[in-house]
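These notes concern the structure reproduced below.
Read-outs throughout are calculated quantities, based only on the coordinates presented, and are distinct from any laboratory measurement. In this text the structure is predicted, and so the values were computed from the model without any measurement. Glycine also receives a Cβ, built like all others from the backbone with ideal geometry; neighbour counts cover every protein chain displayed.
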Amino acid sequence: MSELSVVDVKHLTGHILEIVFSDGHKETVDFAPFIFSVGHPDYEPYKNIETFLKFKIEDGNLNWDDYTMIFPVADLYSNRIIKNR
């Protein structure tokens with residue numbers, strides 16, 4: 001069995017993305033609760049939609065600004081992104 005990875009991403013609205021995974025699963029993830037509650041200055045730019053939409057798929061991961069913001073693929077798959085403790 002191959003490792004789960006992100007293969008496609010579609011912007012739906014606001015901070016909501018539809019993510020397609022290597023096994024065909026699609027998950028709709030709203031990043032706004034994370035971005036607006038984390039309270040760390042590194043995430044402030046992503047409150048702006050234009051900046052948020054500058055993500056890339058790199059090595060099967062959804063990545064912003066050279067790993068400034070990245071989430072475990074399994075968390076995206078199960079729609080369980082949470083702020084760091």
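Couple of notes before you dig in:
- Any hit, segment 45-64, residues being in contact with a Gly (Cβ under 8 Å, 6 or more places away or on another chain) and over 18 Å from H11 (Cβ atoms): no
- Residues of segment 1-39 satisfying the condition of being over 15 Å from D75 (Cβ atoms) and hydroxyl-bearing (S, T, Y): S2, T13, S22, S37
- Across segment 60-85, the qualifying residues are those that are part of a loop (DSSP other than H, G, I, E, B) and without any contact (Cβ under 8 Å) to a residue 40 or more places away in the chain, and the one among them that is surrounded by the most Cβ atoms within 10 Å (Cβ to Cβ) is F71.
- Any hit, segment 21-32, residues being closer than 16 Å to I82 by Cβ and either among the small types (G, A, S) or without any contact (Cβ under 8 Å) to a residue 12 or more places away in the chain (or both): yes
- Just so you know, in segment 13-50 the residues that are in contact with a helix residue (DSSP H, G or I) (Cβ under 8 Å, 6 or more places away or on another chain) and over 29 Å from E3 (Cα atoms) include one that is surrounded by the most Cβ atoms within 10 Å (Cβ to Cβ), and it is P45.
- Condition check for V7: of a type in the set (A, V, I, L, M, F, W, C) and surrounded by 15 or more Cβ atoms within 10 Å (Cβ to Cβ): no
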